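Here is the structure we will look at.
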Amino acid sequence: MQTQTVASRPPAYWLVAILALVWNLIGVAMFYMQVTMDDTRLAALTELQRQVYQATPAWVNVAFAFAVFGGLLGAIGLLVRRRWAVTMFGISLLALLVQFLGAYLVTPAWAAYGAAGLAMPLLLLVIAAFLWSYARRALARGWLR
């Protein structure tokens with residue numbers, strides 16, 4: 001019988017995993033708000049924001065779902081120390097890229113938000129890339145099984 005040595009995880013590992021979970025739960029809430037938009041909330045948007053919402057094809061929302069639920073599963077994977085966290089964060093990152101490219105290529109998002117509107121998508125991409133990279137390093141260090 002062979003024993004496997006599991007590398008000790010630093011406290012920062014658990015902090016990153018918990019923050020990733022909270023962050024991705026916020027993403028799930030944002031997704032829910034997006035797909036359950038009713039007429040009252042739609043009326044509260046500016047005209048350009050309403051145009052973006054109405055022009056968003058279903059496949060962009062599917063990408064949004066893969067992004068947030070992939071990230072949520074990745075965070076859960078970190079918390080339960082499983083190697084599939086890397087895959088889930090990778091799916092999340094790729095889906096996020098598809099979502100933002102789609103949003104800016106097929107909707108009037110650029111007209112509605114301009115260059116300043118890219119700040120949040122870029123921040124989300126940086127965070128998603130960090131989480132994917134962190135999970136990969138955790139796997140390489142033996143923190144995931």
Total residues in the range 96-145, condition of a type in the set (Gly, Ala, Ser), within 18 Å of GLY70 (Cα to Cα) and open to solvent by 20 Å² or more (accessible area, probe 1.4 Å): 2
Of the criteria (1) closer than 15 Å to VAL28 by Cβ; (2) open to solvent by less than 30 Å² (accessible area, probe 1.4 Å), which one VAL60 fails: (1)
In the range 87-142, the residues that are under 11 Å from the mean Cα position of the chain (by Cα) and of a type in the set (Val, Ile, Thr): ILE91, VAL126, ILE127
Matching residues, the range 9-29, being out of contact with any Gly (no Cβ under 9 Å at 6 or more places or on another chain), among the β-branched types (Val, Ile, Thr) and open to solvent by less than 80 Å² (accessible area, probe 1.4 Å): VAL16, VAL22
Hey, PHE89 in contact (Cβ under 8 Å) with a residue 12 or more places away in the chain and open to solvent by 70 Å² or more (accessible area, probe 1.4 Å) or not: no
Tabulated pairs, the range 47-58, first farther than 13 Å from PHE100 by Cα and acidic (Asp, Glu), second open to solvent by 50 Å² or more (accessible area, probe 1.4 Å) and outside any helix (DSSP H, G or I), C-beta under 8 angstrom, 6+ apart or interchain: none
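The values are calculated or read from the model by the stated rules, or taken from the named source; none is laboratory data. As the structure is a prediction and not an experimental result, all values here were calculated from the model. Backbone-built Cβ (ideal geometry, glycine too); neighbour counts: all protein chains shown. Protein only, heavy atoms only, side chains kept; ligands, DNA and RNA dropped before computing areas. Shrake-Rupley method; radii C 1.70, N 1.55, O 1.52, S 1.80 Å.
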